[in-house]
Amino acid sequence: MQAFPIFLKLDGRPVLLAGGGDAAAAKLRLLRAAGASVRVVATDPEPCVADQVDGVQVQLFRSETINEHLENVIFAIIGTEDEDTDRSFAAVARAAGVTVNVVDRPALSDFTMPAIVDRSPVTVAISTGGAAPALARQVRGAVEAALPARLGALAGFIDSFRSAVAAGRATPKARRKFWDAFLSGPVARKVLDGEEETARQDMLTLVNQDDRSITTGRVAIVGAGPGDAELLTLKAHRLLKQADVIVHDKLVGAGVLELARRDARLVYVGKSRGNHHRTQDEINALLVAEAQAGHLVVRLKGGDPFIFGRGGEEVAFLHAHDVEVEVVPGITAAAGCAAAAGFPLTHRGKASAVTFLSGQGRDGAPDLDWQALGQSNHTLAIYMGIDTAEVSARELIAHGRSPATPVAVIENGTLPTQRVLRGRLDALPALVRSERVTTPALLVIGDVTGETIDTAVAQDRRALAH
Ligand SMILES: C[S@@+](CC[C@H](N)C(=O)[O-])C[C@H]1O[C@@H](n2cnc3c(N)ncnc32)[C@H](O)[C@@H]1O
């Protein structure tokens, strides 16, 4: 370890800050947030600094030297943005026995300022010892994404119950056990979800009951998006990092699974046509059993769980068995594929509606209201529609769609192996056959597919494919 990390209490204690520009302004905001009494030394401060001066917590000294303001300061931050001045102020402060940080000049500093993730009172400080501030910012982004927004509220909640919990649990071990169980239980989740009032009532019961009863499991039915791991929601990402068990489908991208907590148990329940790895009943039973064993179970599904994902059936089954369940939406294939292929799903003058359809009906053939779907000015996104492309094209033309309607077939949308094929509706079955389109693939029918809007996602895919 190159430097010793500490968190210093500053309430009302004096700190010197030299500089009147952006660099000083950023530090001033942090010092104010930490409650320091700040002596700002700057001859001609810019508004970003001057506007923070209140004459009480922050005092301004329009002085060219710092010696006369160093008395009793806890430390000095020098950020004049002029190397010679920075260097000379740092030397003066150090000669007076004051510990110094020089903004963006680690070689001149006794201490460096970390990148911070602030969920007060929870604070995460990240340092690369001054070697790579850009890397520290990246790590901060990753930590920001991984930590719940209301983590600070949870810390405050715990603090307010500490003595009540301690009163009923004599040993440190018993207290630790209680808090570990609490943190993975429903009351902590309520606090994180902003339901603090209800959580407070539940907590009153909890502190007085047997600790074993607070370790209840639950299931999160999570949309994994169309394949590209970067299209996950922050909530899905966080749950993957917390899950004890991850029950996943075939369409979940490998990159998504790599984000799972390292010691999570992964259970594959993928179904492919003609090869039912596990029946839906078996999957339902598995989810209930794992939750009842006290686990946080993530049921990870391709795309969005509530769009051709049987998410509704799983939620109903879990409710019927008194298992707590939440649903985290994901980017559905139609949204992901359209963006990746570079066309919109609705577009003024071309499509004022979009319908998501299944190409598989009860008996295999699509069971759809062709009359309604035959209207133009309406985009159709057909999921699981490869095998029945011929029926769909024939029926749509028979019900009013022009044979020349543009279509797109997107195979492995958003993945490096993505293929986008374009053609016209009357030639769709031939296109699917001649290009040997394989699953997963989405059919999109409508004038919008003739658009080409060069989206960043589309560019990314091309870069990856080459
Ligand atoms: C059982 S449905 C699941 C849909 C999923 N719940 C969603 O919201 O995207 C599977 C179908 O979704 C479509 N699909 C899913 N991921 C896809 C991808 N990456 N590229 C193209 N189509 C995809 C295909 O039509 C596939 O047959």
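Worth pointing out:
- Residues in the range 276-291 that are more than 16 Å from the ligand (Cβ to nearest atom), farther than 22 Å from Gln242 by Cα and polar (S, T, N, Q): there are none.
- Leading residue by the ranking (modelled with the lowest pLDDT) among those in the range 99-131 that are assigned to a loop (DSSP other than H, G, I, E, B), in contact with a helix residue (DSSP H, G or I) (Cβ under 9 Å, 6 or more places away or on another chain) and hydrophobic (A, V, I, L, M, F, W, C): Ala131
- Out of Ala404, Ala430, sole residue that is in a helix (DSSP H, G or I) and surrounded by fewer than 16 Cβ atoms within 10 Å (Cβ to Cβ): Ala430
- Number of the condition not met by Phe356 [criteria: (1) touching a Gly at 6+ places or on another chain (Cβ under 7 Å); (2) within 12 Å of the ligand (Cβ to nearest atom)]: (1)
- Listed by first and then second residue, the pairs with beta-carbon distance under 7 Å, at least 6 apart or on different chains, first residue in the range 333-361 and assigned by TED's automatic domain parsing to the domain that holds Thr388, second more than 10 Å from the ligand (Cβ to nearest atom) and among the basic types (Lys, Arg), are Ala340/Arg461.
- Qualifying residue in the range 162-182 (condition: at pLDDT 90 or above and not in a helix (DSSP H, G or I)): no
- Gly413 passes every criterion in (1) within 16 Å of the ligand (Cβ to nearest atom); (2) out of contact with any Cys (no Cβ under 6 Å at 6 or more places or on another chain); (3) modelled with pLDDT of 95 or more apart from (2).
- Verdict on Val191 being buried (at least 18 other Cβ atoms within 10 Å of the Cβ), under 26 Å from the mean Cα position of the chain (by Cα) and within 15 Å of Leu296 (Cβ to Cβ): no
- So Val245, is it more than 15 Å from the ligand (Cβ to nearest atom), β-branched (Val, Ile, Thr) and surrounded by fewer than 20 Cβ atoms within 10 Å (Cβ to Cβ): no
- Sole residue being at pLDDT 95 or above and among the basic types (Lys, Arg), chosen from Arg310, Arg273, Arg262, Arg299: Arg299
- All strands (runs of 3 or more DSSP E) inside the range 1-74 with 2 or more residues being surrounded by 14 or more Cβ atoms within 10 Å (Cβ to Cβ) and touching a residue at least 24 places away in the same chain (Cβ under 8 Å): 14-18, 37-41
- Any hit, the range 91-112, residues being within 27 Å of the chain's Cα centre (by Cα) and either on the phi < 0 side of the Ramachandran plot or crowded, with 18+ Cβ neighbours inside 10 Å (or both): no
- The number of residues in the range 292-323 that are within 16 Å of the ligand (Cβ to nearest atom) and under 22 Å from the mean Cα position of the chain (by Cα) comes to 12.
- Top-ranked residue of the range 420-441 - restricted to ones that are under 21 Å from His378 (Cβ atoms) and in contact with a Pro (Cβ under 9 Å, 6 or more places away or on another chain), ranked as nearest to the ligand (Cβ to nearest atom): Arg422
- Val92 vs. criteria assigned to a helix (DSSP H, G or I) and either within 10 Å of Ala18 (Cβ to Cβ) or at pLDDT below 95 (or both): yes
- The condition of being over 20 Å from Val298 (Cα atoms) and not acidic (Asp, Glu) holds for Ala167.
- Here Arg362 meets the list (1) within 16 Å of the ligand (Cβ to nearest atom); (2) surrounded by 13 or more Cβ atoms within 10 Å (Cβ to Cβ) almost entirely, failing just condition (2).
- Failed item, numbered, when Pro226 is tested on (1) modelled with pLDDT of 90 or more; (2) surrounded by fewer than 19 Cβ atoms within 10 Å (Cβ to Cβ); (3) within 13 Å of the ligand (Cβ to nearest atom): (2)
The values are calculated or read from the model by the stated rules, or taken from the named source; none is laboratory data. What you are looking at is a predicted structure, and each value in this text was computed from that prediction instead of being measured. Don't worry about glycine lacking a Cβ; one is built from the backbone with ideal geometry, like all the others, and counts go over all protein chains shown.
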